[in-house]
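Encoded as structure tokens, the structure appears first; notes follow it.
The values are calculated or read from the model by the stated rules, or taken from the named source; none is laboratory data. Everything numeric here is computed off the predicted structure, so don't read it as measured data. Cβ sites come from the backbone with ideal geometry, for glycine too, and all protein chains shown count toward neighbours.
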Amino acid sequence: MGVIAPPPDRTRASSTRPTRSLGWWIAASVVLIPALVPPISLAIQVLLSGTGLIFPTSRLIELLAATLGLAVAVTITSLSIGTITAWLTTRTDLRGRNTWMVLAALPLVIPSYMAALTVIGATGNNGLLAAIGLTIPTPYGFWGAWLALSLFLAPLAHLTIIPGLRAIDPAIEDAGVGLGASRWRVFWTITLPQLRPSLVSAALMIGLYTLSDFGAVSLLRYDTFTRAIYTLYAGQIDRRPAATLSLILMALALTVLTIEWSTRRRAGYRSSSTKRGRRLVVLRGPGRFVSIGFLGSLTAISLLLPVSVLIYWLVRGLRLGNELGSLWDEVGRTLGIALAAAAVTVVAAFPLAMVTTWKRRRMSTTYESVAWGAYSLPHITVGVAVIAFVLRSAPIVYQTAALLLLVYMGMFLAQAMSPIQDSLRRASPDLEDASRGLGRGQLTTLRRITLPITTPGLLAAATLVFISVMKELPATLLLRPNGFETLAIRIWSATGEAFYTRASAASLALLAVSIVPLLVMTRRDLNT
Amino acid sequence: MTSTPDRLTIRARGLNKAYGDVVALHDFNLDVWEGSLLTLLGPSGCGKTTALRVIAGFESADGTVDIRGRRVLDRDTFVPPEKRRVGMVFQDYALFPHMTVARNVGYGLERGGDPGRVGEVLELVGLSGLGDRMPNELSGGQQQRVALARAMAPQPDVILLDEPFSNLDANLRDRVRRELKVILAEARTTAVLVTHDQEEALAASDLVAVMYEGQVVQYDSPAQLYTNPADPWVAAFLGDADSLQATGHRGYADTMLGRFKTDLRGPVVVVVRPEDVQLSIGEAPNAVVAHTEFFGHDQLVTVALPGGTRVRSRIGPRPRYSPGDNVRVRALYARVFPARS
């Protein structure tokens, strides 16, 4: 789960004559096809074969209300937590605030189905909390989904708000204090209004992820669009209702994304960035006590608890002699498909990153928006759309690893494009011109100049896609070849069938193989 | 411009280019003779960098360009930049950040570079022994010289320099400019330099082409440009100048600063430079001092003529004038141009 970026306005100067870049444009167009196919084919299908809705409109409204209700509740909670953690770790003299900053960001690495497993595994008569004498009934339904998603999406707010806080010119706040305002008043009247763009952006992203989430709501049995789509899809021969619901959910997601972009474009706060240091808020006495208490219990619930629950169930299961089964096959498949997808996606994203960083191209904004649009589509809807499409037009590729790779590529293209664009923008476009001027052709220039200077971006892109694919659940669930069990699938199905020991073992395996790249990426996110 | 075409290194004719509504080049013509150092001078946005990029082949335009008699651009021809034998020094130097200085310099040479030639060029620019450094370990002035060495290494027909001094601080700029002139002269390299800094243009080059709105408006030696500007705009762009309205009549134009010879008839513009304007106190005052700026070695006195026209006079530190003084003002030399309708 990364942070969705808007189509940016920074561009590189164009180099050489436009006709020479035709090849890049063709390549960029081709790689966008897998991103475009799901929504378009789904819309056509619903138009051609009808909605097939068998349930009354009131049920549809109920689903909509449940989905949006959860999204709003999760957004408010995550945003509040994230704002507090961001402010405490950037603006106060709290001891060890850099460590707290990383700790508050880390839960982002826990996929929602693992969060659900934590909630289920901690509560109930056999849960971890019961073992320490605190029996709480498992909160299936709204509260469970709310808790799981809020805690694990708060880091997204944390990560979005930190740069916003850092961007505020300290002189403006000092000016407020100098005019006689109290710290508290400065926060409400100066800091918060300037943070609004970051807050709005974080809120919409959290809302978007909640709308799209399948893992937590399905395991915690809360009926939202995604769960209803899966139930309809799995339980019925007529696939039209699932398709119709998917289309509605896609439209909902794209609407949220569009709002997010328009607020970013309007968010025009820009301050001169001074190198001058910022005065930190001095926390004393009860303030410091409460702050540390807050960060400590947050870390306990969102990091310590999941790991403890997983280890508790694993140990408990092993003691009871539960059949664990080997996980090596799952680990191998997960790593294999994630590596392959990372490679394919990065190669595909490169031409896209090239053309979208060229100057004066309305088309490049369009291309970028398509990639980000595809990234924002709920994966379960992509799965439904792709199945409908291939069964109609190319049944032979149905349930093949190649199809799965192509779908991953379409989904995560934007995620790979973004870091490559960053490194291309950091490099002066004159470098390529300089190489051409020194007598080297386009291919030599690509090989000896462009690729070497974008290596960091390519590696970051590959890491991001690798992590995303390893964690991906809904699309994999629908599109995987028969018997193709990945760790994510194993965790989800074992949790659903109450094999918590197996689910915990698979979860620990997933965390183990993703922890290194995850740590690297989290640090990178915090430092930029 | 009587040189034979075969001694021309660059010949650009009728170049036109627009970005949307913005005209970058408008019937741009330029000749660069072999071995000369030419400066393209103009205000920012006048199209000078575009002209350079079109010559180098980084951009296309309507019109024709020949380099050493070979057609590289016309309606049917576009020789790509790597085949033009043109060296370019970029404003931000564009050194390859992942290569050492020596590999940067050797990049344009066959098979990664003959070490002998790399050493030779590095010595020419005074950077011997720095070949193993990375670009980010060099000072701004050193990076600039690496960029120059890299462009010179393959012995191109011409070297184009885009605002080569703009990233250097003022102290360094003068020194680097003198060095550049010596290096280019030693290597007998033809060069075109682009700048918006008039002093730089006058001091650095053999010939200056002044550009305005996509066009070359005057092409001359620095001294000629200053003393014989082609129009009031060039006069004001190169140094200080004030203009007065007058009428040409029987071989003269009469102004309050004196009578100047001209063959023009009817409305004219008389342009004077402050150093040609003299002030005196006493006899028949015709102007009032408006304000003064004192620089030590000289002073700039602005006077108001009856009717409000202001004229500046650059004179020695003595005598000191004060606002309100009545003075007699006259010009020793002026250029007369037809008034623009």
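Restricting the search to segment B:129-151, which residues are crowded, with 24+ Cβ neighbours inside 10 Å and within 14 Å of chain A (Cβ to nearest Cβ)?
The answer is B:Gln144, B:Val146, B:Ala147, B:Leu148, B:Ala149, B:Arg150, B:Ala151.
crowded, with 20+ Cβ neighbours inside 10 Å, over 30 Å from B:Pro154 (Cα atoms), at pLDDT below 90 and more than 10 Å from every other protein chain (Cβ to nearest Cβ) - does that describe any residue in segment A:449-457?
yes
Taking segment B:232-256 on its own, how many of its residues are crowded, with 18+ Cβ neighbours inside 10 Å, at pLDDT below 90 and either assigned to a loop (DSSP other than H, G, I, E, B) or of a type in the set (D, E, K, R) (or both)?
Qualifying residue count for the region: 1.
If B:Ile55 passes every condition in (1) surrounded by fewer than 23 Cβ atoms within 10 Å (Cβ to Cβ); (2) in contact with a strand residue (DSSP E or B) (Cβ under 9 Å, 6 or more places away or on another chain) but one, which one does it miss?
(1)
As an exercise: evaluate B:Leu160 against (1) assigned to a loop (DSSP other than H, G, I, E, B); (2) touching a residue at least 24 places away in the same chain (Cβ under 8 Å); (3) within 13 Å of another protein chain (Cβ to nearest Cβ) and give the number of the one condition it does not meet.
With respect to (1) assigned to a loop (DSSP other than H, G, I, E, B); (2) touching a residue at least 24 places away in the same chain (Cβ under 8 Å); (3) within 13 Å of another protein chain (Cβ to nearest Cβ), B:Leu160 is out only on (1).
Do we find that A:Ala371 is in contact (Cβ under 8 Å) with a residue 24 or more places away in the chain, away from every other protein chain (no Cβ under 14 Å), buried (at least 24 other Cβ atoms within 10 Å of the Cβ) and within 17 Å of the chain's Cα centre (by Cα) in this structure?
Considered against the rule, which asks whether it is in contact (Cβ under 8 Å) with a residue 24 or more places away in the chain, away from every other protein chain (no Cβ under 14 Å), buried (at least 24 other Cβ atoms within 10 Å of the Cβ) and within 17 Å of the chain's Cα centre (by Cα), A:Ala371 comes out as yes.
Going by the conditions given, is B:Glu199 touching a residue at least 12 places away in the same chain (Cβ under 8 Å) and of a type in the set (Asp, Glu)?
no
Could you list, in sequence order, the residues of segment A:321-349 that are under 19 Å from A:Ala505 (Cβ atoms) and either of a type in the set (Asp, Glu) or free of Cβ contacts under 8 Å to residues at least 12 places away in the same chain (or both)?
Selection gives A:Gly321, A:Glu323, A:Ser326, A:Trp328, A:Asp329, A:Glu330, A:Gly332.
Return the total of residues in segment A:375-412 being on the phi > 0 side of the Ramachandran plot and of a type in the set (A, V, I, L, M, F, W, C).
The number of residues fulfilling the criteria is 0.
Could you pull out the residue among A:Leu211, A:Leu149, A:Leu204 that is buried (at least 24 other Cβ atoms within 10 Å of the Cβ), assigned to a helix (DSSP H, G or I) and under 14 Å from the mean Cα position of the chain (by Cα)? Quick ask: steps written out before the conclusion?
On the way: A:Leu211 fails: buried (at least 24 other Cβ atoms within 10 Å of the Cβ); A:Leu204 fails: buried (at least 24 other Cβ atoms within 10 Å of the Cβ).
After applying the criteria, what remains is A:Leu149.
How many residues are charged (D, E, K, R) and more than 10 Å from chain A (Cβ to nearest Cβ) when one looks only at segment B:69-102?
The number of residues fulfilling the criteria is 5.
Tell me which of these B:Ala61 doesn't satisfy, since it passes every other one: (1) among the aliphatic types (A, V, I, L, M); (2) away from chain A (no Cβ under 11 Å); (3) under 18 Å from B:Gly214 (Cβ atoms).
(2)
For B:Asn171, indicate whether it is on the phi < 0 side of the Ramachandran plot, surrounded by fewer than 19 Cβ atoms within 10 Å (Cβ to Cβ) and outside any loop (DSSP other than H, G, I, E, B).
yes
When the residues of segment A:399-442 are narrowed to those that are farther than 30 Å from B:Ala151 by Cα and β-branched (Val, Ile, Thr), which ends up nearest to the other protein chains (Cβ to nearest Cβ)?
A:Val407
Yes or no: segment B:215-231 includes at least one residue that is crowded, with 18+ Cβ neighbours inside 10 Å, more than 30 Å from B:Val118 (Cα to Cα) and hydrophobic (A, V, I, L, M, F, W, C).
yes
Pull up segment B:257-273, narrow it to residues that are in contact (Cβ under 8 Å) with a residue 24 or more places away in the chain, in contact with a strand residue (DSSP E or B) (Cβ under 7 Å, 6 or more places away or on another chain) and not in a strand (DSSP E or B), then point me to the one that is farthest from B:Arg328 (Cα to Cα).
Of everything passing the filter in segment B:257-273, B:Leu264 is farthest from B:Arg328 (Cα to Cα).
Mind counting the residues in segment B:41-91 that are in a loop (DSSP other than H, G, I, E, B) and over 22 Å from B:Tyr219 (Cα atoms)? Break it down stepwise before answering.
Quick first cut of segment B:41-91, residues in a loop (DSSP other than H, G, I, E, B) only: B:42-47, B:57-61, B:68-69, B:74-77, B:79-80, B:84-85, B:90-91.
Next, from what is left, pick out any that are over 22 Å from B:Tyr219 (Cα atoms): B:57-60, B:74-77, B:79-80, B:84-85, B:90-91.
Matching residues across segment B:41-91 total 14.
If you go through segment A:414-445 one residue at a time, how many are among the aliphatic types (A, V, I, L, M), in a helix (DSSP H, G or I) and either modelled with pLDDT under 90 or over 26 Å from A:Ala341 (Cβ atoms) (or both)?
Step one: of segment A:414-445, the residues among the aliphatic types (A, V, I, L, M) are A:414, A:416-417, A:420, A:424, A:427, A:431, A:434, A:438, A:443.
Those left that are additionally in a helix (DSSP H, G or I): A:414, A:416-417, A:420, A:424, A:431, A:434, A:443.
So of that shortlist, the ones also either modelled with pLDDT under 90 or over 26 Å from A:Ala341 (Cβ atoms) (or both) come out as A:424, A:431, A:434, A:443.
Selection size over segment A:414-445: 4.
What is the number of the single condition among (1) surrounded by 20 or more Cβ atoms within 10 Å (Cβ to Cβ); (2) at positive phi that A:Leu487 does not meet?
Every listed condition holds for A:Leu487 apart from (2).
Scan segment A:465-484 for residues that are more than 24 Å from A:Leu310 (Cβ to Cβ) and crowded, with 22+ Cβ neighbours inside 10 Å and jot them down.
Residues satisfying the conditions are A:Val465, A:Ala475, A:Leu478, A:Leu479.
Where in segment A:11-122 are the helices (runs of 4 or more DSSP H), entirely inside, with at least 2 residues that are more than 30 Å from A:Gly164 (Cα to Cα), in contact with a helix residue (DSSP H, G or I) (Cβ under 9 Å, 6 or more places away or on another chain) and more than 14 Å from every other protein chain (Cβ to nearest Cβ)?
The qualifying helices (runs of 4 or more DSSP H) are A:22-49, A:57-91, A:112-122.
Restricting attention to segment B:103-128, and to residues there that are of a type in the set (A, V, I, L, M) and not in a loop (DSSP other than H, G, I, E, B), which single residue is nearest to the other protein chains (Cβ to nearest Cβ)?
It comes out as B:Val105.
What is the number of the single condition among (1) over 18 Å from B:Phe90 (Cβ atoms); (2) modelled with pLDDT of 90 or more that B:Thr2 does not meet?
(2)
Would you say A:Ala300 is under 24 Å from A:Thr455 (Cα atoms), part of a helix (DSSP H, G or I) and not hydroxyl-bearing (Ser, Thr, Tyr)?
no
Please verify whether A:Ala157 is more than 30 Å from A:Ile311 (Cα to Cα) and not charged (D, E, K, R), treating the condition exactly as stated.
The answer is no for A:Ala157.
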